[in-house]
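Notes for the one structure printed next.
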């Protein structure tokens, strides 16, 4: 699989006082927001990262949005829990 056929992402928790969970899709960043988004992710607490296949990217983004929503609602999810939720759509 070529690098252009997949999307790199990270789920992280913000370092600021709100401590919200977020996701960043690194390979979709452009020059206008690249530095800021990477800096935010690097300053935060790493939760999970991986690659999505472009074939399943839309479904994967929906699942990831639901994972982030659940984390922000206070649910505790491990990396193994997240991987199970994303089963079959990771590159």
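Overview of values
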item: Residue list for region 42-70, filter: outside any helix (DSSP H, G or I), under 12 Å from residue 8 (Cβ atoms) and out of contact with any helix residue (DSSP H, G or I) (no Cβ under 7 Å at 6 or more places or on another chain); result: 49, 50, 51
item: Selection within region 4-22 - within 14 Å of residue 90 (Cβ to Cβ), part of a strand (DSSP E or B) and in contact with a helix residue (DSSP H, G or I) (Cβ under 6 Å, 6 or more places away or on another chain); result: 7, 8, 10
item: Matching residues in region 35-70 - criterion: being within 18 Å of residue 6 (Cβ to Cβ) and loosely packed, with under 13 Cβ neighbours inside 10 Å; result: 58, 62
item: Of all residues making up region 26-58, the number that are in contact with a strand residue (DSSP E or B) (Cβ under 9 Å, 6 or more places away or on another chain) and either touching a residue at least 60 places away in the same chain (Cβ under 8 Å) or under 18 Å from residue 87 (Cβ atoms) (or both); result: 10
item: Number of positions in region 59-82 that are farther than 20 Å from residue 27 by Cα and free of Cβ contacts under 8 Å to residues at least 40 places away in the same chain; result: 12
item: Counted residues, region 71-87 - those being surrounded by 13 or more Cβ atoms within 10 Å (Cβ to Cβ), at pLDDT 95 or above and assigned to a loop (DSSP other than H, G, I, E, B); result: 1
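The values are calculated or read from the model by the stated rules, or taken from the named source; none is laboratory data. This is a predicted model, so every value here is computed, not measured. Ideal geometry is used to build each Cβ from the backbone, glycine not excepted, and the neighbour counts take in all protein chains shown.
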